[in-house]
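Step one of this worksheet: look at the structure below.
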Amino acid sequence: PYGETPAATRARLAEVLGRARRRTAVLTDAVTDADLRAQHSPLMSPLVWDLAHIGNQEELWLIREVGRREPLRPDLDDLYDAFRHSRSSRPGLPILDPTQARAYAAAVRDHAMSVLDTTPLTGDPLVDRGFVFAMIAQHEQQHDETMLATHQLRSGEPVLTAPAPPRAGRVVADQVIVPGGPFVMGTDTDPWALDNEKPAHTVMVPTFAIDRYPVTNGRYAEFIDDGGYTRRELWSDRGWAHRAEAGLVAPQFWDRDADGSWWRTAFGVRAPIRENQPVVHVCCFEAEAFARWAGMRLPTEAEWEKAARFDPATGGSVAGPRYPWGDADPTADHANLAQRHLEPADIGAYPAGASALGVEQMVGDVWEWTSSGFTAYPEFAMFPYPEYSEVFFGGDYKMLRGGSFGTDPVAVRSTFRNWDHPIRRQIFSGFRLARDVD
Ligand code: AVJ
Ligand code: FE
């Protein structure tokens, strides 16, 4: 992702930072100021909070820490500290209004670009090969995806548009056997990887089978019609209790017509479900219940990454590529990323994105729930701040892998680790299944 020379790396960083800011503008210019200030769900911040938080995080790291320049707005640090104020409390804070928030983020960016111009990109691990600038681009893109989820939760006329994703020919939703043995998980070499992806380490993964594609709406509707939400034996104790408490009967944003057909509403547009589209907006408990119904299970995080990176030609002693298809940057042929489309693409739409083992659509379309909790890799070293990962280790989280249609390429790769509470489904979450092989 980075250039071979410092000048080329600087150009790449300017490109990813610029792309993030253009997307932030799309997401925040699409609605009125009143809408930017509104809270569309207690799970989400007002969009204008995200906007100034993006600027504040950039000020902290690029202006003050790397640039050693005078603080622009030290008075804002408390308001935009995500650990001091819960999402639901943010509308009550004296936060910047939309005009002020835009001006603040723009002023920070001006300074940040001059810091980029004058910072050597070697030596200190914080700046080596551009790490901290890429970290800030990833942070903005992570909030952009969160803002996209906020858009999905808002009611009213559609304000975001995008072309429909590519269609696919007829596909067979089969499984791929992943041979047992060692594989290298995580990375030591990716210059923009975040702390929780490191270090590379060998794990033994017994032979297993994994779905070639994510689980589709069509299959999910069969699960519902077969009593999936009312059969106690399919659910874990916690899942069953949550199902009752939250009144779960279908994925979020689905509704049923009088004739029994399923529809889903995405970004203000209601349409019949597409049978071959990966299901999205399910929580981990729903994914687990579906898996039990199907006689399968969720993959572990190690299994997911092995299916994405293991190459039988090189074997398990060599670290796999950055993306399932190789080290090439994602193009529109590889994966459904970057909010290029506002929904997952049908299964089979990205044959060029297959992993060496032939597993498809691992990156893009939908985040995929795994059965693993959030733990540190052996010899993990916190870097550069504990609130990115370390404070979440061992918490009530399940790992998600692969990114969604709303994830930018800078913010996902085969080693990238995402996490959320197992009850969450406002994120762009789906899943694929695995099973043991004797
Ligand atoms: C890694 C996506 C779980 O959005 O809560 C943003 C990323 N960390 N600001 C989140 C993050 C700080 C984080 N996730
Ligand atoms: Fe943040």
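The values are calculated or read from the model by the stated rules, or taken from the named source; none is laboratory data. A quick note: this is a predicted structure, and the numbers were derived from the prediction, not measured. A quick note on method: Cβ atoms are made from the backbone with ideal geometry, for glycine too, and the neighbour counts reach across all protein chains shown. Accessible surface is based on the protein model in full, side chains and every heavy atom, while ligands, DNA and RNA are left aside. Shrake-Rupley method; radii C 1.70, N 1.55, O 1.52, S 1.80 Å.
Cβ under 11 Å from Trp235's Cβ, Trp235 left aside: what net charge do those residues give with Lys, Arg +1 and Asp, Glu -1? Every neighbour counted, the sum reads +1.
When both the stretch 366-438 and the stretch 1-77 are represented by their alpha-carbon centers, they are found 22 Å apart.
Placing unit charges on the Cβ atoms only, positive for Lys and Arg and negative for Asp and Glu, gives the chain a dipole magnitude near 460 debye about its Cα centre.
For the stretch 104-124, backbone nitrogen atoms closer than 15 Å to the point 7 Å from Ala25 Cα along Cα-to-C-beta are found at 104-110.
Spatially, the stretch 178-208 and the stretch 248-301 are offset by 30 Å when compared through their Cα centroids. Hey, if you put +1 on the Cβ of every Lys and Arg and -1 on every Asp and Glu Cβ in the chain, which of Gln152, Leu76, His421 ends up farthest toward the positive end of that dipole? Value computed over the given set: Gln152.
Length, then width, then depth: along the principal axes, the Cα atoms of the stretch 340-438 run 40, 39, 27 Å. Which is farthest toward the positive dipole end of the chain among Gly92, Val410, Met135, measuring Cα position about the Cα centre, with Cβ charges +1 (Lys, Arg) and -1 (Asp, Glu)? Ranked along the dipole, the leading option is Gly92. Taking 0.36 nm per residue of sequence separation and removing the Cα-Cα distance, the Thr5/Arg231 pair yields an extension gain of 75.5 nm.
Computed with a 1.4 Å probe over protein heavy atoms only, the accessible surface of the stretch 384-438 comes to 29 Å² per residue. When the P(r) of the chain is calculated, the portion above 43 Å amounts to 10% of the C-alpha pairs.
Using the average count of surrounding beta-carbon atoms within 10 Å as a protection proxy, the listed peptides 419-425, 282-288, 170-176 rank, highest first, as 282-288, 419-425, 170-176.
If R0 is taken as 25 Å, the Cβ-Cβ distance between Asp128 and Asp311 corresponds to a FRET efficiency of 0.35. Each listed q (0.26, 0.34 Å⁻¹) maps to a log10 I(q)/I(0) for the stretch 1-43 from the Debye sum over equal C-alpha point scatterers, namely -0.87, -1.03. What residues of the stretch 206-235 lie in the reach of a label at Asp174, counting those whose backbone N is under 20 Å from a point 7 Å from the Cα along Cα→Cβ? Residues 207-216, 219 fall inside that zone. With Cα atoms defining each centre, the stretch 338-359 and the stretch 302-316 are spaced 18 Å apart in the structure. Quick check: at a probe of 1.4 Å, how many percent of the accessible area of the chain sits on carbon and sulfur atoms? The C+S portion of the solvent-accessible surface of the chain is 53 percent.
P(r) for the stretch 220-322, from all Cα pairs and a bin width of 10 Å, is 13, 36, 27, 17, 7, 0 %, short bins first. Rolling a 1.4 Å probe over the heavy atoms of the protein chains gives the stretch 89-200 an accessible area of 41 Å² per residue.
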